[in-house]
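The values are calculated or read from the model by the stated rules, or taken from the named source; none is laboratory data. Remember, it's a predicted structure, so these values are computed and weren't measured experimentally. FYI the Cβ positions are ideal-geometry reconstructions off the backbone, even for glycines, and counts take in every protein chain you see. With ligands, DNA and RNA removed, areas are computed over all heavy atoms of the protein, side chains included. Shrake-Rupley method; radii C 1.70, N 1.55, O 1.52, S 1.80 Å.
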Amino acid sequence: MLSHPHPPARPLFLGSSSSEEDTKTLNPPDFLLEQAVEAKLQAAIALAGTLQLPCFPALATRYEALIVEFLTLLGQAPSGEERSQLRQQLTETLTQGFEPSPRRYLNLSYQLVNPDQGIAGGIGLKMSLTSPPEAQRSFALANQSRFGCYPDAKAMTLAAGLGEAAEVSVLDIGAGIGRNSLPLAKRGHPVAAVVTNPEAGRQLQEMADSRHLSVTLFGGDFLDHPEVTGDYRLAIAPEVLPHLRSPQAMTEFFRQSRRVLHPAGRLLVGAFLAQPGYSPKTAVRELAQACGCSFLTPSELQEILERVGWRLQSQELVVAYESCHLPAAAWPPSDSFLAWATGEELFPGLVTPPVAFYWLCCVREDNPSKADGA
């Protein structure tokens, strides 16, 4: 596809002579000998294989350079027109794969166009989308909870500081199997849990029933769930924002949370924030989505809160708070928690990554309260 060799217009060697002078004259120059040997070698070379590239549209130019370098190394440098076609196809395919999931892969297979001619007959490329398990080791934990099985110290402390448990209703958004919901219900809080995964909801309900605890379950996506109503004094979402893939989705999350919260209530969320002064590139944001640690810059967070009507009451590093308040047996919550929450998973090898995980406690803009209560 990328190489179209042409045979010589006439034979390289014509006629013969017995004279020494004629023999010298008809002996081909060295460069022609080298060309002939090279042509034979190219016809003898066979290849086929696959490159699996994460579907990050921002890396289309980088992938193009990688593919062109690979083909050029094999003596099959693409023409300008072929590079343009490659660039367009890469951009379209990467975008098509990334939109439904940041963990899809572009499967780039390459093979000989004409096996009888080896690489001299050209190298063909074919693109497809896939999610091969062997290529997803870097993102294997992205959809899993990093918080272990203990309740969050921040959530439990904040709930306790808002009044008598029976009077402090709690909405647990993205509750999973009830890591926070069940301990809060055991303490006496009226608890409702939003659970996206039906199997997790079933397990939560079974554990609540076996412990004689009352937990109201809402199944489905909180961002599109009008059935979730109420006047909760506390809403918690430790693991939701890292998996929302755009500021628009995060804005909708804060809007829906405000809709179901008591005017004097609190919203506690876990969120990755960039350090002040850090301007992330698009490729970094796409990688963060694949790793399950989507983040906001401070200015983006402030803009969202102001637009929806929230005020940030407190901001604390999750690692700093939980390491001081969780029981020793509960810290760290999981083997991958520290690398994830400190930003090292997204920026391996950096001593101080420019992104980290925070507890954000928010109150409604019309709430005069100044104290965190935690």
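So how strong a dipole does the chain carry about its Cα centre when Lys and Arg Cβ are +1 and Asp and Glu Cβ are -1, to the nearest 20 debye?
It works out to roughly 920 debye.
If one takes the longest principal axis of the Cα atoms in the chain, at what angle in degrees, from 0 to 90 and to the nearest 10, does the Cα axis of helix 298-308 lie?
Between helix and principal axis, roughly 50 degrees.
Pairs of alpha-carbon atoms within less than 8 angstrom and 6+ residues apart define the contacts here; what relative contact order does region 71-202 have, in percent?
Relative contact order of region 71-202: 15 percent.
When the accessible area of region 120-277 is computed with all protein chains present and a 1.4 Å probe, what percentage of it is carbon and sulfur?
Carbon and sulfur together cover 52 percent of it.
Provide Rg and Dmax in Å for the chain, with only Cα atoms included in the calculation.
Cα radius of gyration and Dmax of the chain are 30.3, 115 Å respectively.
If r is the Cβ-Cβ distance from ALA36 to SER84 and R0 is 30 Å, what FRET efficiency results, to the nearest 0.05?
0.35
Helix-derived [θ] at 222 nm for the chain: sum -39500 (n - 2.57) over DSSP H runs of at least 4, divide by residue count, nearest 500?
-10500 deg cm²/dmol
For region 300-334 and region 147-216, what is the centre-to-centre distance using only Cα atoms, to the nearest Å?
Region 300-334 and region 147-216 have Cα centres separated by 18 Å.
What percent does the relative contact order of the chain come to when contacts are Cα pairs within less than 8 Å and at least six residues apart?
It rounds to 15 percent for the chain.
How large is the accessible surface per residue of region 286-351, computed with a 1.4 Å probe and reported in Å² as a whole number?
45 Å²
To the nearest 0.05, how large is the calculated FRET efficiency for ALA140 and ALA43 if R₀ is 30 Å and r is the Cβ-Cβ distance?
0.10
Give me Rg/Rg_expected for region 164-228, where Rg uses Cα atoms only and Rg_expected = 2.2 N^0.38 Å with N residues.
Normalised Rg, Cα atoms only: 1.03.
Please determine, in degrees from 0 to 90 and to the nearest 10, the orientation of helix 60-73 with respect to the longest principal axis defined by the Cα atoms of the chain, where the helix direction is its Cα long axis.
30 degrees
Helix 30-44: angle to the longest alpha-carbon principal axis of the chain, degrees 0 to 90, nearest 10?
So the helix axis and the longest Cα principal axis differ by about 50 degrees.
So with the 1.4 Å probe, I'd like the accessible area per residue for region 64-169, rounded to whole Å².
Per-residue accessible area for region 64-169 comes out at 51 Å².
Which one of TYR110, LEU305, PHE347 has its Cα pushed farthest toward the positive end of the charge dipole of the chain, where Lys and Arg give +1 and Asp and Glu give -1 at the Cβ?
Selected residue: LEU305.
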